[in-house]
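Please read the structure below before turning to the comments.
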Amino acid sequence: MKDGLLVNALNEQMNFEFYSAHVYLAMAAYCSGESLDGFANFFLVQAEEERFHAMKIYKFLNDRDHRATLAALPQPKNEYTSMLDAFEHAFAHEQQNTKKFYHLADLALDEREHATIYFLKWFIDEQVEEEALFSNIIAKLKRIETDSNAFYMLDAEFAGRSFTPPAE
Ligand code: MG
């Protein structure tokens, strides 16, 4: 693989994956601030996944005798208005990431760089999973918004209620 557009784009994608980890770590911090430790854990795990993606590209560049070049990361968004807001941003972020991988795959196809084409296939499959994951959680959160937990608890309480004849 020659130096050029494709190598530059792979480096850019590696940095974008590190940025993604940063974005999700900021979401985890937001959730911790709201005392939602389970949601915080979800995003901490997501951040670890993104770092793994970045390192996968880092290793690929090294294996192909290229230098991984680290860049400064943009500041991630630190404030959200709700869990739904955070997940909607996460979903949009993943959609943007999918577009970046399609662009990378187009470059690899143009250069007939088959090793890179196959390497990118893993990420493109992964993006299908990521988008499905976030879109699914958004649907669940929207349902909870209209039928809150409190509503379901009250519903269950009422279901167990029976008529007790007054004592004589
Ligand atoms: Mg990723």
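Which length gain, in nm to one decimal place, applies between Asn41 and Lys99 when the Cα-Cα distance is subtracted from 0.36 nm times their residue separation? Spell out each step's value before the answer.
Numbers: separation 58, 0.36 × 58 = 20.88 nm, distance 2.71 nm.
Extending this stretch completely gives an extra 18.2 nm.
Binning the alpha carbon pair distances of the chain at 10 angstrom intervals from zero yields the distribution 9, 31, 26, 15, 8, 5, 3, 2, 1, 0, expressed in whole percent.
Given a 1.4 Å probe and every protein chain left where it sits, what share in percent of the accessible area of the chain is carbon and sulfur?
Values: 5860 of 10670 Å².
Carbon and sulfur: 55 percent of the exposed surface of the chain.
Measuring between alpha carbons in the structure, the pairs from Lys56/Lys140; Lys99/Lys140; Lys56/Lys77; Lys100/Lys121; Lys56/Lys99 lying more than 21 angstrom apart are Lys56/Lys140; Lys99/Lys140; Lys56/Lys77. What does a probe at Ala115 reach in segment 1-39, counting residues whose amide N is under 20 Å from the point 7 Å along Cα→Cβ? Residues 1-15 qualify, since their backbone N sits under 20 Å from the label point. Spin-label pair Ser82-Lys59: with each label point 7 Å from Cα along the Cα-Cβ axis, the two points sit 4.1 nm from one another.
For the chain, hydrophobic long helices are taken as DSSP H runs at least 18 Å long by C-alpha position along their axis with mean Kyte-Doolittle hydropathy of -1.0 or more; these are 5-33, 37-63, 83-110, 114-146.
Each Cα pair under 8 Å and six or more residues apart adds its sequence gap; the mean of these over the residue count of the chain is a relative contact order of 23 percent.
Each Lys and Arg Cβ is given +1 and each Asp and Glu Cβ -1; about its Cα centre, the chain then shows a dipole of about 420 debye.
The values are calculated or read from the model by the stated rules, or taken from the named source; none is laboratory data. Because the structure is predicted, anything quoted here is derived from the model rather than measured. Positions of Cβ are generated from backbone atoms using ideal geometry, with glycine treated the same way; all protein chains shown enter the neighbour counts. These accessible areas exclude ligands, DNA and RNA; they are computed on the full protein's heavy atoms, side chains included. Shrake-Rupley method; radii C 1.70, N 1.55, O 1.52, S 1.80 Å.
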